[in-house]
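Inspection log for the structure reproduced underneath, given as structure tokens.
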Amino acid sequence: MYQYDVIDQTIVNERVSQFRDQTARYLNGKLTDDEFRPLRLQNGLYIQRHAPMLRIAIPYGLLSSKQLRKLADIADRFDRGYGHFSTRQNLQLNWPKLEETPDILEELSKVEMHAIQTSGNCVRNITTDQYAGVAPDEIIDPRAIAEILRQWSTFHPEFSHLPRKFKIAVSGSKQDRAIVQAHDIGLEFYYDKEEKMAIRVWVGGGLGRTPILGSIIREHLEWHHVLTYCEAIIRVYNLHGRRDNIFKARIKILVKNLGIEEFRKQVEAEWLHLKNSPNTINENELKRVAKFFTAMPYEKLNDQDSTYDEAIQNNRAFASWVKRSVHLHKQKGYRTITLSLKPHGLAPGDATSAQMRIIAELADLYSFGELRVSHEQNLILADVKLKDIFKVWEKAKAHQLATPNIGLLTDIICCPGGDFCSLANAKSIPIATSIQEAFDDLDYLHDIGELELNISGCMNACGHHHVGHIGILGVDKDGSEWYQVTIGGKQGNDASIGTVIGPSFAADEMPGVIKKLINVYIEHRDPEERFIDTVRRLGINPFKEYVYA
Amino acid sequence: MLNSQLILNQSIIQDEWTFVPLPNANEEVKKQAGKLVLYKLTGESQPSELQINETVIPQTGKIILPLRVYLKNRNTLQARLKNDEISLWFATHEILEPLLASEKNINVFPLIAVFSERFQDGRIFTLGNLLRTRYQFTNILRACGDILQDQLFYLKRSGFDSYLIKAGKDSNEALKALQSFSEPYQGAVDIKNPVWKRKVRS
């Protein structure tokens, strides 16, 4: 993975000093709340219901075991011994003290980490496929460009105070796992006819209050120009995006209002001035960064292991976990493993400091000391030998990290919701846990098959409910908490936005509503048909009728 | 220590220019989402004819005029312009096209000031960049309005070399912010090349 040189380290150190000074000026009254707000947000610090929340950046979801141990230490020393992995592949601490955040940032800087631009109206953490570099369907490993984008966007002076937040995702695989169509800019890498790396550029996607899938602004962009082309897009947005209404300030609204043709015209006109300007990347810089993301020193192995096969034969629990949690790998004899942060009945995406240390140990022993965070809020060991998988399972199981529910109904994607977040209209974690408890029968869960259930506690859609096969949105009606249900949303190449099935429900009705939706699916499904396919084939009416009958 | 809110490059200096404001316009009240909210339009409004006509232009000394007031009185101001007494200011939501149409060379002005009503309004950074890179303005580029210490580094990188710090804020302390980062990553107006073109990296 990428390793800091003295330039990276200096920038992060200078950021710690800067934020220490800003915090001190706020605490002694030299900065008002309004003046301090964007400064703390651009350092990931929110003022929440009970305490501040600090969002720590995990660039494109890649972590070393050393970094994860540091996060565990920070969770113990400055928080309550746990952290929450978010849908933006970051880590959130729910109970830090404002006065101590500069110290937390200083601790992070010791392991090449920070909280830069994890919130605020600026370019946020670049996200990508959690299987980057190891997925069999990968065409181009997007991580080198993701790192180049990270550096370029860090304290970009022109784009430090945009109308609203700005999210960029990169993907280089056949199956999109980075949801490029739901980002302000989505960059899809491919090889063009001349076998050169090129980029399909999506713009104006986003979830939130007004969910919109992105449009293609450029079908073919030579990779050298990725930074200047992004500059052209963001410049047009910075000048013309709405600043008078926070709910209409995202780039998607500008693209929608202008229409993609006109928006493209303006961007292309701007790009004529920026093309080949100094931020144009050259071969040497790409090579320099790409060398941090070369293949691991794999052993030459067969793609079969008898002890592994026997364990599957003889151990039903192991076999059912393997089915959900073990994924194919580019390299023969290796697999990628997802550790579930979704044990039934606990907050989805949370990990205790003890679990973090166990996972760091597993990474050191079996996966070259590296980890990934997925936007589905699980942790991934990317490079595990077949013969080690059983050992990983035993250890993971002993620490509640091996619930065999990856990709199933109880692998719920969920924001912190009203328990923690001051933006939320309603709680989300208790809804998630009550659904998990209602579907605790593993055989039934496996029979239901692949299903993505997403919960957001408000319109801001941190739980990505619009693209959940089943989406749940917390809404406020006259001061009480209600839940609106959508079905038919999907992430990936054939992404879609879900349709609301009808009036919202009370919290205690939710497990029953989900059960009804599942019953309709089971009754009508064709063999091998997933929930989403049945919804797409039948439309929402049979589901709606049964749920509201 | 000089008692002034004005920074030029790395120093605090006395202001030799008189800023000429536009007379106040009436604030607009708009109905939105069922609630009556009061807000100043940030993107839509240009100075009104009434505002332009009622602006009092001081007859002597170095003055910074509203862009639209200058354009309206361009002919009568030429002698003073040649005498380096006339500079311009405009707000972040104003468009520059009328100026570019009227002046072939904007370097006739010794100073251009961009007025930002709210420090969160990031258009000022793009405007600074465009004035320096596309319109080749080489004289003093001043940021004024809600200008605070913690945005100075970004302003400097976007081409500004002068900053009128908001009244009540400590300009001496603000000076420090110009040194926040020693080697920024990306190329911008002040340092054109990205760090990987400036330094040998491992």
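Selection of helices (runs of 4 or more DSSP H) fully inside region B:122-202 by the criterion of at least 3 residues being within 30 Å of B:E103 (Cβ to Cβ) and more than 7 Å from chain A (Cβ to nearest Cβ) returns B:123-129, B:152-157.
Taking every residue in region A:139-151 that is within 13 Å of another protein chain (Cβ to nearest Cβ) and pairing it with any residue that is among the aliphatic types (A, V, I, L, M) and surrounded by 24 or more Cβ atoms within 10 Å (Cβ to Cβ), at least 6 positions away or on another chain, the pairs with Cβ-Cβ distances below 6 Å are A:L149/A:I126; A:R150/A:I126. Selection of region A:332-374 for residues being outside any strand (DSSP E or B) and among the small types (G, A, S) yields A:G333, A:S340, A:G345, A:A347, A:G349, A:S353, A:A354, A:A360, A:A363, A:S367, A:G369, A:S374. Could you tell me which residue of region A:121-138 is farthest from the chain's Cα centre (by Cα), considering only residues that are within 25 Å of A:P38 (Cβ to Cβ) and either more than 14 Å from chain B (Cβ to nearest Cβ) or open to solvent by 10 Å² or more (accessible area, probe 1.4 Å) (or both)? Filtering first and then ranking leaves A:N121. Which one is farthest from A:A396 (Cα to Cα), of the residues in region A:270-323 that are more than 14 Å from chain B (Cβ to nearest Cβ) and among the β-branched types (V, I, T)? For region A:270-323, the residue satisfying everything is A:T294.
Do the conditions hold for A:P96, that is, is it at pLDDT 95 or above and either within 14 Å of chain B (Cβ to nearest Cβ) or open to solvent by less than 10 Å² (accessible area, probe 1.4 Å) (or both)? Answer is no for this residue. If the condition is being touching a residue at least 40 places away in the same chain (Cβ under 8 Å), surrounded by 14 or more Cβ atoms within 10 Å (Cβ to Cβ), under 31 Å from the mean Cα position of the chain (by Cα) and within 28 Å of B:V189 (Cα to Cα), then region A:276-321 contributes A:N279, A:T280, A:I281, A:E285, A:L286, A:V289, A:A290.
For region A:153-168, the condition holds for at least one residue, the condition being that it is closer than 22 Å to A:N493 by Cβ and either under 16 Å from the mean Cα position of the chain (by Cα) or at pLDDT 95 or above (or both).
Restricting attention to region A:533-544, and to residues there that are within 26 Å of A:A426 (Cα to Cα) and part of a helix (DSSP H, G or I), which single residue is most open to solvent (accessible area, probe 1.4 Å)? Checked region A:533-544; the qualifying residue most open to solvent (accessible area, probe 1.4 Å) is A:K544. Taking the criterion of being out of contact with any strand residue (DSSP E or B) (no Cβ under 6 Å at 6 or more places or on another chain) and either farther than 28 Å from B:S180 by Cβ or within 11 Å of chain B (Cβ to nearest Cβ) (or both), the residues of region A:160-176 that qualify are A:S160, A:H161, A:L162, A:P163, A:R164, A:K174, A:Q175, A:D176.
The residues listed here are A:R124, A:R143; of these, the one that is in the same structural domain as A:Y191 (by TED's automatic domain parsing), of a type outside the set (S, T, N, Q) and closer than 30 Å to A:G241 by Cβ is A:R143.
The values are calculated or read from the model by the stated rules, or taken from the named source; none is laboratory data. The shown structure was predicted, so the numbers you read here are calculated from the model rather than taken from an experiment. A quick note on method: Cβ atoms are made from the backbone with ideal geometry, for glycine too, and the neighbour counts reach across all protein chains shown. Quick note on the areas: whole protein, heavy atoms, side chains included, nothing else; ligands and nucleic acids left out. Shrake-Rupley method; radii C 1.70, N 1.55, O 1.52, S 1.80 Å.
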